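Step one of this worksheet: look at the structure below.
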Amino acid sequence: MKHRYLVVFLLLTLVPAGLIVWLGWRVSAEEQHRTRREFIAVIDESLQTHRQIIEDRLADRFTDLLQVVETARLADTAGRRELARTHPWVRQCFEIGPRGRIVFPSRSQLTEAEQNFLMRTATIWQERQPFRLVDEYGSRADSGWHTWYWSDGPHYILWLWHPATDHVYGIEVERMRLVSEVLAALPTEGQPHVSIPSEAQIQLRDPSGRVVYRWGRAAVEADASPITSIALNAPLTSWTLSYYTGRIITTRQFSSQTLINTLAILLGTLALLSGLAIYFYRSMTTQMRDAAQRVTFVNQVSHELKTPLTNIRMYAELLERSLDPDDERRRKHLDVIVGESQRLSRLIGNVLTFSKSKQGKLSIHPQTGCIDETICRLIEPFRQKVGADFSIEQQLDAQDDCQFDSDVLEQILTNLLSNVEKYAISGDYLSVSSSLSDGLCEIRVTDRGPGVPTSKQELIFQPFERLSDKLSEAAGTGIGLSIARSLARLHGGDLSYLATDSGSCFKLTLRVSP
Amino acid sequence: MKNLFLYLTSLAFLVTPALAKQVQLEAALANPLLKSGQTNKTFLKVGLTGFALEADQERTPVNVALVIDRSTSMSGGKIAQARDAARLAVQRLGAEDIVSIVAYDNSVEILVPATKLTDKTPVLKAIEKLEPTGNTALFAGVSKGADELRKFFSKEKVNRVLLLSDGQANVGPRSPGELGELGASLVKEGISVSTIGLGLGYNEDLMANLASKSDGNHVFVENEVDLVAAFDREFGDILSIVAQEVVVTMDFLPGVKPLRVIGREADIAGQQVTTMMNQLYSEQEKYVVVEVEVESGKVDETRRVADVAVSYANLATLTPDRLTSELSVRFSDQAEVVEAQANAPVMAACVLLVATENNEQAMQLRDKGDIAGAKQALFDNAAYLESSAHKWDSSALKDYGFSNLSQSAAIDSPDWSATRKRMIELQIENNRQIGHGSGFVFPIDNQKKTK
């Protein structure tokens with residue numbers, strides 16, 4: 001019993017606690033995930049803003065540069081050299097003929113700078129069509145960027161296709177100027193309008209992954225991976241802007257915060273649940289103790305009542321015997337005394353049986369006897385009680401001697417008959433049948449009273465359940481049928497209610513041995 | 001000798017005020033007389049000397065960005081000296097000048113955005129904030145410094161980035177080539193970068209390349225206590241600039257072939273040689289030396305060798321100026337006469353450049369690990385300089401001879417790093433004629449109003 005309560009107690013506390021932990025964990029994980037997503041979205045926006053800053057800065061330059069290419073197209077050799085010598089963005093001009101033939105710089109008369117240019121760009125001219133003249137939509141582009149690698153990094157060419165001559169004109173951009181321009185566009189430390197959190201850092205990395213520029217005072221490890229990064233636009237497509245955080249906002253930090261929260265919730269819930277469970281457990285055990293005391297008390301009282309009652313009955317019967325046979329009035333009075341005391345002893349018997357059954361002390365003591373005899377013995381007083389108008393049918397077919405507990409049978413039948421007397425007296429009819437076969441005795445008690453509604457047919461076997469609590473209804477303790485069924489089951493049989501057209505029918509079976 | 005010459009020319013300008021505000025062009029051949037009947041090689045020198053500025057004259061306003069390394073290696077005395085030097089620089093400038101101060105470590109901070117120096121107090125306050133921290137984002141520092149210059153950029157100002165670093169660039173582009181490309185691009189905008197290398201930890205190739213490709217000065221300051229003096233000299237130079245956007249074009253006539261330009265970048269396209277200088281300093285000569293091959297001529301023949309044209313922006317008159325000169329050569333069959341006719345100052349200048357080239361090659365040998373070869377090469381160079389000094393009566397050659405001799409001795413010593421830095425400083429000094437300026441100190445508030 002105690003053990004079961006402990007299990008219930010543990011279930012009541014641990015299961016909800018576990019559930020809360022799990023839910024809490026899920027919620028916090030989801031929250032963390034969401035926060036991180038939002039965080040990344042904000043960062044992404046910040047990176048895009050900076051990319052836009054770079055792009056805005058370069059857009060005008062690139063427009064100018066296309067103009068420069070156009071100027072270079074129209075210029076002669078000296079003009080093109082002059083351009084490379086004086087324009088801060090132009091390292092070299094060039095012109096390509098229809099089949100990839102280099103028209104300028106002309107191989108016949110090269111300056112040192114031009115020789116170097118041809119050496120740098122040698123890999124480009126090995127290709128049949130050095131510049132991708134088709135854009136991503138498949139149409140022929142008439143200008144674009146070309147990136148190639150030579151020596152220590154990427155170099156950039158801006159080219160322009162001139163449809164009339166089918167020549168490509170271009171300039172090699174001063175790549176360090178380009179990089180320098182990008183850096184110049186980006187924020188420096190302590191610029192309030194572009195400030196990023198002090199624990200963050202944005203890095204600009206070149207195609208080889210080398211940090212070219214950074215801002216933000218966070219201490220970032222060399223091998224740290226960025227929260228998020230984006231690529232720059234053409235021609236710097238292999239360059240990335242990456243957002244890093246220092247040691248302060250890390251996932252570890254996130255989860256330890258969550259862990260503390262979850263633990264706090266868990267502990268709180270556990271404490272609350274334990275408190276509740278202990279409270280209920282205590283009140284339950286108190287109730288149990290009270291009930292047990294009450295049962296013991298009733299038991300003792302019942303025992304105490306039994307002795308005087310037996311004496312009352314005995315002396316009443318003695319008195320009856322010694323009575324003058326003609327003294328009808330006194331005989332009637334004595335009959336009432338005997339009948340009521342029998343009723344009282346039956347009730348006491350029920351109470352004692354009930355408390356025994358609750359204590360698990362009920363047992364049967366089979367003895368050899370005749371079932372029908374027991375039935376008859378009980379029907380006679382019933383017949384006298386109900387009077388001559390009440391018809392009683394008997395179909396008894398269990399005359400053979402067998403082993404059964406006549407006290408038990410008597411108690412069951414008494415309860416059933418008492419019920420007929422109490423609730424079905426209006427039907428003026430009782431039928432009792434018995435049969436015996438294969439060690440199973442079956443007894444049916446049928447009346448023509450109001451019967452039991454279908455929904456309540458099982459309920460009536462529960463202790464203290466009564467169909468109506470109206471004061472006008474017959475008195476009763478509500479334990480009769482419950483006891484009867486318990487006894488029948490103890491006796492290897494059962495007591496059940498059978499539906500009939502009118503009235504009630506109780507079927508009692510008992511396991512008997514020959 | 002040269003100083004005397006400069007002095008004399010300046011005197012001449014003073015006597016003739018109409019010419020005083022013009023750069024002096026002096027083009028000459030090392031051998032105006034060549035041996036007939038054979039192909040000759042000789043040198044052509046185009047010298048440009050900035051006119052003198054007088055004390056009561058208004059000077060050109062400057063637009064200068066101080067780019068200062070504040071990486072952790074600058075801790076202690078270095079950063080303190082850097083602050084002193086920066087303060088001195090600000091004190092030397094006036095209300096029409098523009099200054100910006102950029103500090104870099106891992107990242108870049110603009111301590112003073114480009115601003116007119118009408119009030120020096122906030123600038124001097126900002127200098128106090130220079131505290132060492134982090135790495136060396138040199139490329140970004142220079143980029144930001146240059147960008148500050150662009151805010152008030154004017155061809156009528158002197159636009160200069162002054163970079164101070166004591167360490168290796170370790171964030172961003174960091175090779176001498178890359179920084180050289182940056183310098184080459186900046187000079188096309190009219191921005192020169194002067195670099196001051198402090199201590200023994202910096203990358204001298206990088207700093208030198210950045211300076212020489214952008215036509216700026218390069219100084220090696222071994223001990224931080226000399227930093228203030230180095231800044232002072234640099235600002236002396238910056239404040240004495242008289243001409244900018246100098247383009248020297250030499251058109252060689254048939255029968256003369258330009259072989260190479262020594263010590264400077266130049267375009268040789270067929271018969272035309274073009275080279276540029278970002279600025280000329282007052283009373284200071286910058287020159288270009290071209291090695292040429294002259295086809296054989298007949299005795300007493302006079303042949304036109306080259307037409308020299310120089311264009312520049314005159315900062316005194318704020319007008320573009322153009323100077324021209326023609327060069328001819330005569331032929332003689334008498335070797336002694338040819339020898340005697342050699343132009344000693346031109347020869348001395350050419351020998352200095354050739355010896356500098358030798359010095360560079362010796363350093364390359366040392367870099368490859370050939371210590372003995374380098375030692376011998378420097379020793380030979382010293383001997384060459386010594387004999388040339390005597391022949392052309394040049395103290396500069398004598399001095400450089402001594403330098404080479406001591407370098408030869410120091411080449412296998414433990415302080416090779418300092419020697420190498422000194423060698424590079426001298427190479428740039430010789431190639432680009434740095435440090436021969438008048439050293440004229442201008443009164444602080446004597447400057448020209450910008451238009």
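The values are calculated or read from the model by the stated rules, or taken from the named source; none is laboratory data. Source: prediction; values computed, not measured. All Cβ positions, even for glycine, are placed from backbone atoms using ideal geometry, and neighbour counts span all protein chains on display. These accessible areas exclude ligands, DNA and RNA; they are computed on the full protein's heavy atoms, side chains included. Shrake-Rupley method; radii C 1.70, N 1.55, O 1.52, S 1.80 Å.
Check each of the trypsin sites (Lys or Arg not before Pro) in segment B:263-366 and keep only those in coil by DSSP with at most 12 other C-beta atoms within 10 angstrom; list them in order. Sparse-neighbourhood loop trypsin sites (Lys or Arg not before Pro): B:Lys298.
Each residue, A:Ser208 and B:Thr317, gets one label point 7 Å from its Cα in the Cβ direction; the gap between the two is 5.0 nm. Taking 7 Å steps out from each Cα toward its Cβ at B:Asn170 and A:Glu31 produces label points 4.3 nm apart.
Report, in deg cm²/dmol and to the nearest 500, the calculated mean residue ellipticity at 222 nm for chain B, where each DSSP H run with n ≥ 4 adds -39500 (n - 2.57) and the sum is divided by the residue count. Before the final figure, lay out the partial values.
Numbers: 13 runs with 178 residues, N = 451.
Value at 222 nm, helices only: -12500 deg cm²/dmol.
The listed residues A:Arg448, A:Arg313, A:Arg205, once ranked by accessible area (1.4 Å probe) with the largest placed first, stand as A:Arg448, A:Arg313, A:Arg205.
Note on A:171-183: average number of Cβ atoms from other chains within 10 Å of each residue's Cβ is 6.
Each Lys and Arg Cβ is given +1 and each Asp and Glu Cβ -1; about its Cα centre, chain B then shows a dipole of about 720 debye.
Between the helical axis of A:77-86 and the longest alpha-carbon principal axis of chain A there is an angle of about 60 degrees.
In the protein assembly as shown, what % of DSSP beta bridges are antiparallel (nearest 5)? Antiparallel bridges: around 75 percent, rounded to the nearest 5. For segment B:62-239, a/c is less than 1.5, where a ≥ b ≥ c are the root eigenvalues of the C-alpha gyration tensor. That puts it in the rounded class. Averaged per residue, segment A:1-249 has 52 square angstrom of accessible surface, using a 1.4 angstrom probe with ligands and nucleic acids left out. Counting only alpha carbon atoms, the long axis of helix B:77-92 and the longest principal axis of chain B meet at about 80°.
Of the beta bridges DSSP finds with both residues in segment B:62-239, what % are antiparallel, to the nearest 5? Could the numbers behind the result be given before it?
Numbers: 6 of 30 bridges.
Close to 20 percent.
Rounded to the nearest 10 square angstrom, A:Tyr169 shows an accessible area of 20 square angstrom against a 1.4 Å probe.
Taking every DSSP helix (H) stretch of at least 4 residues in chain A, weighting each as -39,500 (n - 2.57) and dividing the sum by the residue count yields a mean residue ellipticity at 222 nm of -17500 deg cm²/dmol.
For B:Pro176, what charge total do you get from the other residues with a beta carbon under 14 Å from its beta carbon, if Lys and Arg give +1 and Asp and Glu give -1? Combined, the nearby Lys, Arg, Asp and Glu give -3.
Around A:Ile43, what is the net charge, scoring Lys/Arg as +1 and Asp/Glu as -1 over all other residues with Cβ under 11 Å from its Cβ? Result for the local shell: -1.
Peptide A:215-223 shows a mean partner chain C-beta count of 2 within 10 Å per residue C-beta. Taking label positions 7 Å along the Cα-Cβ direction at both A:Ser363 and B:Ser413, the computed distance is 12.0 nm, reported to one decimal. Highest mean packing comes first when the peptides A:452-462, B:180-190 are listed by Cβ atoms within 10 Å, giving B:180-190, A:452-462.
With all protein chains in place and ligands, DNA and RNA left out, the 1.4 Å accessible area ranks A:Leu110, B:Leu53, A:Leu490 as A:Leu490, A:Leu110, B:Leu53, largest first.
Against the main long axis of the alpha-carbon atoms of chain B, helix B:176-189 sits at an angle near 90°. Using only side-chain charges placed at the Cβ, +1 for Lys and Arg and -1 for Asp and Glu, the dipole size of segment A:363-511 relative to its Cα centre rounds to 500 debye.
From other protein chains only, count the Cβ atoms within 10 Å of every residue's Cβ in A:104-112, then give the mean.
On the way: counts 0, 1, 0, 0, 1, 5, 3, 8, 7.
Per residue, the number of nearby Cβ atoms from other chains is 3 on average.
Within the shell defined by Cβ-Cβ distances under 12 Å, the residues around B:Ile110 carry a net charge of -1, with Lys and Arg each +1 and Asp and Glu each -1.
Here segment A:394-414 and segment A:25-65 have alpha carbon centers that stand 93 Å from each other. Of the residues A:Ser108, B:Met250, A:Leu276, the one whose Cα sits farthest towards the positive end of the charge dipole of the protein assembly as shown is A:Leu276 (charges of +1 on Lys and Arg Cβ, -1 on Asp and Glu Cβ, taken about the Cα centre). Taking 12 Å as the cut-off, the amide N atoms of segment B:44-79 that come nearer than this to a point 7 Å along the Cα-to-beta-carbon line of B:Ser154 belong to B:60-63. Counting protein heavy atoms only, the protein assembly as shown has 54 percent of its accessible area on carbon and sulfur, 1.4 angstrom probe. Centre-to-centre, using Cα atoms only, segment B:113-144 and segment B:316-357 are separated by 45 Å. Taking all protein chains together, B:Met276, B:Met250 sort by accessible area into B:Met276, B:Met250, largest first [probe 1.4 Å]. Coupling constants for segment A:430-440 follow from the phi torsions by the Karplus curve (6.51 cos²θ - 1.76 cosθ + 1.60, θ = phi - 60°), and in residue order they are 9, 10, 10, 10, 9, 8, 9, 7, 6, x, 10 Hz; glycine and proline get x. Only protein heavy atoms count here; on that basis, with a 1.4 Å probe, A:His167 has an accessible area of about 30 Å².
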